[in-house]
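Notes follow once the structure below has been shown.
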Amino acid sequence: MAKNLKATQEDKCNGCELCILESQRQLKKVGLEESLIRIFKGESENSYKVEIDPRVSVLDIEKIKSICPKEVFEITEND
Ligand code: SF4
């Protein structure tokens, strides 16, 4: 069963970008370019959109989930 990272509580996101930094750290990349997770400003003030590339599942997604201070992520399983 494949595990997927989902942003089920996107409305709680504060835009801190810790999830991006953790995914980039795991890929040994510096900076935000080509990140598998991207955070965009939402329509209303202080709201954010979390975009997750499906390739993120090759990373330690438990670690990414646990680093988020707002518990935005959930891990789901696909058959
Ligand atoms: S770590 Fe959590 S709160 Fe911070 S930007 Fe990522 S999803 Fe949003």
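The values are calculated or read from the model by the stated rules, or taken from the named source; none is laboratory data. As the structure is a computational prediction, the values presented were derived from the model and not from experiment. Heads up, the Cβs are rebuilt from the backbone with ideal geometry, glycines too, and the neighbour counts pull from every protein chain shown.
Within 13 Å of the chain's Cα centre (by Cα), surrounded by 14 or more Cβ atoms within 10 Å (Cβ to Cβ) and more than 8 Å from the ligand (Cβ to nearest atom): which single residue out of SER35, SER66 fits that description? Spell out the reasoning first.
On the way: SER66 fails: surrounded by 14 or more Cβ atoms within 10 Å (Cβ to Cβ).
Step by step, each of SER35, SER66 is checked, and only SER35 is within 13 Å of the chain's Cα centre (by Cα), surrounded by 14 or more Cβ atoms within 10 Å (Cβ to Cβ) and more than 8 Å from the ligand (Cβ to nearest atom).
Give the residues of segment 24-54 that are among the charged types (D, E, K, R), in contact with a Leu (Cβ under 9 Å, 6 or more places away or on another chain) and modelled with pLDDT of 95 or more, sorted by residue number.
If we filter segment 24-54 for residues that are among the charged types (D, E, K, R), which is where we start, we get 25, 28-29, 33-34, 38, 41, 43, 45, 49, 51, 53.
From the residues that got through so far, the ones that are in contact with a Leu (Cβ under 9 Å, 6 or more places away or on another chain) too are 34, 38, 53.
Scanning segment 24-54 gives ARG38, ASP53.
The rows are residues; the columns are (1) modelled with pLDDT of 95 or more; (2) away from the ligand (no atom under 11 Å from the Cβ); (3) surrounded by fewer than 15 Cβ atoms within 10 Å (Cβ to Cβ).
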| site | (1), (2), (3) |
| --- | --- |
| ALA2 | no, yes, yes |
| GLU10 | yes, no, no |
| GLU22 | yes, no, no |
| LEU59 | yes, yes, no |
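Return the pair list, or none, for Cβ contacts closer than 7 Å from residues in segment 38-55 that are within 11 Å of the ligand (Cβ to nearest atom) to residues that are small (Gly, Ala, Ser), at least 6 apart or on different chains.
From residues that are within 11 Å of the ligand (Cβ to nearest atom), the pairs are ILE39/GLY15; TYR48/GLY15; TYR48/GLY42; LYS49/GLY42; VAL50/ALA7; ILE52/ALA7.
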